[in-house]
Ligand SMILES: [Zn+2]
């Protein structure tokens, strides 16, 4: 049996193609404004698997980019640029700034994965 789209009660009555129970139908006819139940979309297992793969892939990419940026920044500092040269200092500054940008993306990718794991946990309990 279908469910009333307003209250969720079992009904075999259809109105305009949508299932509606007699009570809600009467209330609507009386001029009451009814709001439809919000359907919680059920996420299928393959979709979850794909989402997880995507998040893990993002994490791998972010991690690689961060470690590349970190290596460049470390090298730039290790090479001890002539600090009296503004250009050299500026370039070193850029590599370190870039490392910070990539670090932020890396932590964001980690957070996204943690949120996914939390959602999984709460949907199972
Ligand atoms: Zn109803």
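The values are calculated or read from the model by the stated rules, or taken from the named source; none is laboratory data. This structure is a prediction, so every number in the text was calculated from the model and none was measured. Counting neighbours? That spans all protein chains shown, and the Cβs are built from the backbone with ideal geometry, glycine included.
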Can you tell me which of 56, 48, 72 is surrounded by 15 or more Cβ atoms within 10 Å (Cβ to Cβ) and more than 11 Å from the ligand (Cβ to nearest atom)? 72
Say we look at the range 34-45 and pick out the residues that are away from the ligand (no atom under 14 Å from the Cβ) and part of a loop (DSSP other than H, G, I, E, B); which of these is nearest to residue 118 (Cα to Cα)? 43
Per the list (1) more than 16 Å from the ligand (Cβ to nearest atom); (2) part of a helix (DSSP H, G or I), residue check on residue 25 breaks on (1)
Is the range 20-28 home to any residue that is touching a strand residue (DSSP E or B) at 6+ places or on another chain (Cβ under 8 Å) and under 30 Å from residue 123 (Cα atoms)? yes
Pairs please, first residue from the range 16-27 and assigned by TED's automatic domain parsing to the domain that holds residue 4 and farther than 13 Å from residue 3 by Cβ, second anywhere and more than 8 Å from the ligand (Cβ to nearest atom) and assigned to a strand (DSSP E or B), Cβ atoms under 9 Å, 6+ apart in sequence or on different chains. 25/15
